[in-house]
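Readers should treat all values here as calculations from the given coordinates under stated rules, not as data from a laboratory. Here the structure is a predicted model, which means the values were calculated and not measured. Virtual Cβ from ideal backbone geometry, glycine too; neighbours counted across all protein chains shown.
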Amino acid sequence: MTDTGLERVAGDAAPVLDRVTRLGFATKGLLTILVGVLALRYALGRGGRLTGQEGAIRALLDQPFGQVALVVLTVGTDCNVGKMTAQLQLTKKLNDRGIRTRFVPTGQTGIMIEGWGIAVDAVVADFIAGAAEWLTLEGSKNADVVLVEGQGSINHPGYSGVTLGLLHGSCPDAMILCHQSTREYIGDYRAAAWLRIPPLTEYVRLYESIGAAVHPTRVIGISLNTYDLSDVEARRACDQAQRETGLPVTDPVRFDPAPLVSAIAEERERYLRRRKAL
């Protein structure tokens, strides 16, 4: 596509999309060169501990640019269930624990709060994953944990495309599933059986299996939005969700976010151990 064509389709987003596309091509070429250099060093007997594919990967990870943050994406059962709010709460509490954490905004409100980001609902469909990748890489600079703001829902009839683009573009190592406890149907659509919100365990299965098509990932906690419940009802909803999923559950605004903060911190430790084992 020519520059004129890109500007015509993408409008004001054209410069960012052009940079994202060029970054993708450059990264692919850089990785090809790096693997070639490592293979040549090994062939010449200068590879040291390089022994095949695993050794090459370890060598790459040992370079400064190979040190990346744990990426956690909020995913939801619907729109407007607290994906951004949960990440903002968790960002503050993780930083309070001394874990360098950055929030990556993907919507208009998050951008106004943080002063940067990309509103992915304004990005041409073909470039959503690339935009999510660029955002995640930017967020990972000088960070131990990157919390990416999710959008929509994987089974939303209108917005699942954006959800999938973020899931595959950000390649999260872990996910926090967000749900409004009293919501039974998706969005403002008619109350029909095929639009009823499935059990939380079904969402866990969907997000993990679809995400794993690109990058291994798992749901490590549940964030509930209980704004329209009493305290007693909200506690009961958290207990029920925990029994159903076997995962840590809280409303991070109403109650202590500690269960989710601890889940992320523990996942970070597992992540570091896996990297060292390569």
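A few remarks follow.
- Beta bridges per DSSP with both ends in the range 68-277, % antiparallel, nearest 5: 5 percent
- Translational diffusion coefficient (Stokes-Einstein; Kirkwood radius from C-alpha pairs) of the range 147-278 at 25 °C, 0.890 mPa s, in µm²/s: 155 µm²/s
- Charged side chains reduced to their Cβ positions (Lys and Arg at +1, Asp and Glu at -1) give the range 68-277 a dipole of some 620 debye around its Cα centre.
- Using the Stokes-Einstein relation with a Kirkwood hydrodynamic radius computed over Cα pairs, the translational diffusion coefficient of the range 147-190 at 25 °C and a viscosity of 0.890 mPa s comes to 211 µm²/s.
- Counting every other Cβ atom within 10 Å of each residue's Cβ, GLU244, GLU267, GLU184 order from fewest to most as GLU184, GLU244, GLU267.
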